[in-house]
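Every number in this text was worked out from the coordinates using simple rules, so none of it is lab data. Computed from a predicted model, the values in this text were never measured in an experiment. Here the Cβ positions follow ideal geometry from the backbone for every residue, glycine too, while neighbour counts run over all protein chains shown.
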Amino acid sequence: MTTEEIGLVLVIDDSSTNLELLYDILTEVGYDVLLAKQGKKGIDLAKSHPVDLILLDVIMPEMDGFQTCTLLQSEPETQNIPIIFMTGISDNLEKAKGLGLGAVDYITKPFYQAEILARIKIHIKLRRLTRELIHEKQSLEQRVEERTAELSQILAELQKAQLQLVRGEKLSSIGQLVAGVAHEIKNPLGFIAGNIDIATEGVSHLIEYLELYRAKFPNSGEEIQRKGVEIDIEYLLQDLPKMLASMKVGTDRISNLSTSLGTFCRSDTTAKVLANIHEGLDSTLMILQHRLKPTPNRREIKVVKNYGKIPRVRCYLGQLNQVFMNIIANAIDALEEGLGNAVSSPDLAPQITIETKLSADGQQIVIQIADNAQGMTPEVKSQIFDYLFTTKPVGKGTGLGLSISLQIVKEAHNGNLTCYSELGVGTAFEIQIPLDDSEAIAC
C-alpha cells in the first residue's frame with residue numbers, strides 16, 4: 001500500500017470480536033485504527049482525531065448506528081468523514097435509510113477481508129481526492145480574488161491617470177483659450193473705452209457750441225433749417241449723449257468680463273498661491289451669467305450669495321474655479337430639467353445659494369453650493385462621482401465633470417467634496433479646503 005493510501009480508520013461496534021477482527025485486518029495492511037464500543041465514544045474520537053473513514057455498526061445498544069450517523073453528520077468537525085455501515089441484515093430499505101442519512105457504503109456481515117479492504121481503499125482515496133479538489137478550488141478562488149483585486153487596482157489607477165490627463169489637458173486648453181480671448185479683448189477694449197470718454201467730452205463741447213450759436217444767431221437761414229429738420233437735430237442733441245453713455249456701460253461690462261475671465265483661468269497650476277475664494281466664485285458666476293437669465297421656459301435663476309468672513313487660502317484657484325463651474329453649471333441644468341418634473345413645484349422660484357464660512361474648528365474653509373431643483377434618488381447620488389457616470393442625454397454630458405472635481409479637491413487640495421441631496425427638495429455640494437498655511441486675513 002502506498003503512503004497516499006494509508007489512513008486513520010475509526011471502527012465503532014459493540015462486539016469485541018468484530019473490533020479485534022477488523023483491527024487485525026486493517027493494521028496488517030498498514031492502516032492506523034481507532035476502536036470504540038459505543039456511538040458516543042466514537043463521536044468523541046472522531047472529533048479529536050483526523051479520521052479518514054468510519055466503519056459503523058448499525059445495531060448497537062443505547063445509541064444505534066443511524067443515530068450515531070445523524071449526530072456525526074450534524075457536527076462541522078465530522079460531517080465530511082465518509083461512513084460505511086456494517087450490518088448483518090440484507091435489507092434494501094435499511095440500506096436506503098443509511099445512505100439517506102449520509103453514509104457512503106454498506107458492508108454485510110460476515111466480513112470478507114478483500115471486500116472490506118477494497119471498499120475502504122476506494123473511499124479513503126475518494127476522500128483524499130475530494131480534499132485535494134476542495135483545496136485546489138479554494139486556492140483557485142483565492143488566486144482569482146487576488147487577481148481580480150489586482151486588476152481592479154490597475155483599472156482604478158488607469159482611470160485616475162486618465163482623469164489627471166483629461167483634467168490637465170482640459171484646464172490647460174480652457175486656460176489658454178480664455179486667457180487668449182481675455183488678452184485679445186483687453187487691448188481694443190481699452191482703446192474704445194478711452195476714446196468714448198474723449199468722444200463724450202467732444203460731443204458735449206459741440207452741443208454747447210451749437211446751442212450758443214443758435215442763441216446768438218436765431219435766424220440761421222433756410223438751408224440750415226432744412227438740414228436741421230432732415231437730421232432731426234433736436235432728437236440728435238438729446239440722444240447722442242445717451243448713446244455714448246450706453247456704449248460706456250457696454251465697454252465696462254466687457255471689461256469686467258475680461259477681468260473675470262483672467263481670474264477664472266489663473267495660470268497657477270505649478271504652485272499654490274494665496275487667493276480670494278470669493279473672487280473665484282464671482283468670476284465663475286460672471287461667465288455663467290447668460291445661463292441665469294430668464295428664458296421662454298423659466299424665470300430668471302436667482303443667485304443668493306451668503307459670503308462669510310474667510311481668509312485667503314493657498315490653493316490652485318484656476319482648478320477650484322473649474323470645480324465651481326462644474327457644480328454651478330450642473331445646478332443650472334437641474335433647475336431647467338426640474339421645471340418639467342412633477343416633484344418640483346411650478347410656483348417655486350429657481351434659486352442657487354452659495355455660502356462660504358469657516359468650519360467649526362476654524363481649520364477649513366467651507367463652500368456650499370445648493371439648488372432647489374428636484375434632487376436625486378439615492379441610487380443616482382451614490383454614483384455621481386463615478387468615472388464617466390452621467391444622467392444627461394448623449395452629447396450633453398461626459399460624466400467627467402464631478403469625477404475631475406473630486407480629484408481636484410481631494411488630491412490637489414487635500415480637501416473633501418460631499419453631496420447632499422433629497423428628492424423633491426434639492427441638492428447641495430459642500431467643498432472643504434484645509435487652511436494649511438493660508439493667510440489669516442478675512443476676505
Practice item. Mind listing the long-range amide H neighbours of GLU422? Cut-off is under 5 Å, sequence gap 5 or more, other chains count too, H placed in the peptide plane at 1.01 Å from N. Key: MET376
Revision key, fill the gap. The alpha-carbon center of segment 1-55 and that of segment 292-306 are separated, in whole Å, by 87
Practice item. Give me the lysines in straight-line cross-link reach of LYS357: C-alpha distance below 29 Å, same-chain residues under 8 apart excluded. Key: LYS272, LYS293, LYS302, LYS305, LYS309, LYS381, LYS410
**Study point:** segment 290-331 shape via C-alpha gyration tensor axes, a/c threshold 1.5
**Key:** oblate
Revision key, fill the gap. For segment 414-423, in residue order, the Karplus 3J(HN,Hα) values (coefficients 6.51, -1.76, 1.60; θ = phi - 60°; whole Hz; Gly and Pro = x) are 6, x, 8, 10, 10, 10, 10, 8, 9, 4
Review point. Where does each of 144-154, 278-288 land if you order them by average Cβ count within 10 Å, highest first?
Key: 278-288, 144-154
Revision key, fill the gap. Descending packing, highest mean Cβ count within 10 Å first, for 377-383, 196-202 is 196-202, 377-383
Exercise for review: Based on the mean of other Cβ atoms within 10 Å per residue, sort peptides 355-364, 304-313, 208-217 so the most packed one is first.
Suggested key: 304-313, 355-364, 208-217
